Amino acid sequence: MPEQKVLFLDKPKGSFVVANAPILKPGPGQISIKLKAAALNPVDWKIQDYDFFIKDYPAILGTDLAGDVEEIGDGVEGFSKGDKVFCQGYFVNDLAGFQQYTLMPADLVGKIPSNIDYAQAASIPLGYSTAAIGLLAAHPLGAGLNPTYDPTVKYTGESALVIGGSASVGQFAIQVFKHLGYSTIIAYASGRHTDFLKSIGATHVIDRGETPIGKVAETVKKIATTPLKVAYNAIGDADSRTACFDSIVEGGQVADVNPEAKDVGNGKTVIAIMGNSHVPVNREFGRILWKNLPKLVQDGAIVPNRVEKLPNGLAGINEGLQRMKANKISGEKLIALPQETV
Ligand SMILES: NC(=O)c1ccc[n+]([C@@H]2O[C@H](COP(=O)([O-])OP(=O)(O)OC[C@H]3O[C@@H](n4cnc5c(N)ncnc54)[C@H](OP(=O)(O)O)[C@@H]3O)[C@@H](O)[C@H]2O)c1
């Protein structure tokens, strides 16, 4: 069987090591992809530190991928060898990003639009999915703002808040609100990102260097043109969640990246997001998402994160994750290039 390089997390709370592993053939409904880019995400260092989601070790992580279609399984239509594609990985070795080849269910794969490259494409899947599932998908998975991507659904005149607007997920939440037609989109982020966040749809940026999290709701109420029915918490800690709850009306919703987030009462609902389309409950919405996402990117309605390409192929991932864990990444996505592994 032909072999490839992979990055194994060798055991629970263990180390990342480059190793050889077989290149798998796609089963029915799957394609195999030669990976050209894989993005790093906070979940990758959190799994290493805390050991969750993974059942079998050694484990391959990586949930944001882009590359070329290598082989096509039975029953797959609409893809040809060599097509440039992007998709979201899952927490099993067959479907993960930190390797040179992976398998993927074809219905959760999109073709990379011509206006972006592999690294930019790899910056989109997890962040966009976490924003879209939390805001668009039907209850209880999301806030139900547009579960079918109906282009006539618009929220013109309404206001929304994104805490952590410059985080990868936050950038996509801003863009989802913009695409839904929200008139006032308030982002809470470092002031240095103001121009960029306005370029992707924020109408106002509250500088977190000047306004403490405890004052956000008060500031939001001064800015908002209409009372907020929905807020997105891209940070997921308790203070950010409280700021979201304090900013919205009774009966409003907070979509929160913390999967453990709970309601606080007052008739306000928290949506604890599971931002992965492979999870069975998300699968139906995931198919709709992947049907729509490539065109949204092609049309410029969704733009990728700004990216930094890492050196040393798969071996460079460990250092990137350490930088991420140390909060040294701001407003960018780190991208590994698996084919550059020696
Ligand atoms: N539930 C899910 O399925 C799911 C999926 C994806 C991610 N997540 C979680 O969502 C969170 C964000 O992920 P990500 O990939 O978007 O992270 P990221 O891009 O690495 O986030 C980094 C950004 O966070 C911002 N930040 C940090 N603390 C902040 C605070 N207190 N208030 C406002 N902004 C703050 C920083 O903003 P400034 O540069 O502006 O200071 C920095 O740019 C992580 O906790 C991740 O684990 C959950």
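Positive contributions from Lys and Arg (+1) and negative ones from Asp and Glu (-1), summed over other residues with Cβ under 13 Å from the Cβ of I302, come out at +1. Taken over the alpha carbons of region 79-198 as equal point scatterers, the Debye sum produces base-10 log I(q)/I(0) values at 0.18, 0.19 Å⁻¹ of -1.07, -1.15. Using Cβ point charges alone (K and R +1, D and E -1), the dipole size of the chain about the Cα centre works out to roughly 480 debye.
Each of M104, M1 was scored by other Cβ atoms within 10 Å of its Cβ. Arranged with the fewest first, they read M1, M104. In the chain, a dipole from Cβ-located charges (positive for Lys and Arg, negative for Asp and Glu) runs towards its positive end, and of T219, C87, N292 it is T219 whose Cα lies farthest in that direction.
Got the relative contact order for region 15-91 handy, in percent, Cα pairs under 8 Å and 6 or more residues apart? Provide the component values of the computation, followed by the final result.
Details: 116 pairs, mean separation 28.1, N = 77.
For region 15-91, the relative contact order is 36 percent.
In plain terms, the residue of E210, E332, E260 with the fewest other Cβ atoms within 10 Å comes first and the most crowded comes last, giving E260, E210, E332. Taking a straight Cα-Cα cut-off under 16 Å and skipping sequence neighbours fewer than 8 places away in the same chain, the aspartates and glutamates within cross-link reach of K328 are D44, E308, E319. If you average the C-alpha positions of region 181-208 and of region 301-316 separately, how far apart do those two centres end up, in angstrom? Here the answer is 23 Å between Cα centres.
Based on the Cα gyration tensor of region 128-272, what are the three equivalent ellipsoid semi-axes, each the root of five times an eigenvalue, rounded to whole Å and given largest first? Don't skip to the end; give the middle numbers.
Details: eigenvalues 76, 62, 40 Å².
That gives 20, 18, 14 Å for the three semi-axes.
Below 8 Å between Cα atoms, with a sequence gap of 6+, how large is the relative contact order for the chain in percent? Relative CO of the chain lands at 18 percent. Normalised by 2.2 N^0.38 Å, where N counts its residues, the alpha-carbon radius of gyration of region 258-342 equals 1.48. What percent does the relative contact order of region 128-272 come to when contacts are Cα pairs within less than 8 Å and at least six residues apart? RCO, region 128-272: 22 percent.
Would you mind checking K5/K309; K262/K309; K5/K55; K198/K229 for any pair whose Cα atoms are more than 27 angstrom apart? It would help to have the intermediate numbers written out before the result.
Values: K5/K309 19 Å; K262/K309 36 Å; K5/K55 21 Å; K198/K229 21 Å.
Distance filter (> 27 Å) returns K262/K309.
Projecting the alpha carbon convex hull of region 65-148 along each direction and taking the average yields 6.5 nm².
When the chain is treated as a Gaussian network with alpha carbon springs shorter than 10 Å, the biggest mean-square fluctuation among G134, G164, G27 belongs to G27. When only alpha carbons of region 271-319 are considered, Rg and Dmax amount to 15.3, 39 Å. Treating each Cα of the chain as an identical point scatterer and summing with the Debye formula, the log10 of I(q)/I(0) at q = 0.12, 0.13 Å⁻¹ comes to -0.80, -0.94. Listed from fewest to most Cβ neighbours within 10 Å, the set V176, V162 follows the order V176, V162.
Do the sum for the chain: with -39,500 (n - 2.57) for every DSSP H run of n ≥ 4, divided by all residues, what is the mean residue ellipticity at 222 nm, to the nearest 500 deg cm²/dmol? All intermediate terms of the calculation are to be shown ahead of the outcome.
Values: 9 runs with 86 residues, N = 342.
So the calculated ellipticity at 222 nm is -7500 deg cm²/dmol.
Give me the number: length gained by fully extending K25 to A301, i.e. 0.36 nm times residue separation minus the C-alpha to C-alpha distance, one decimal in nm. Mind showing how you got there, number by number?
Numbers: separation 276, 0.36 × 276 = 99.36 nm, distance 3.50 nm.
Full extension from K25 to A301 adds 95.9 nm.
Each value in this text was obtained by applying a stated rule to the coordinates, not by laboratory testing. What you see is a predicted model, and the numbers here were worked out from it, not measured in a lab. Quick reminder, even Gly has a Cβ in these numbers, built from the backbone with ideal geometry, and neighbours come from all protein chains shown.
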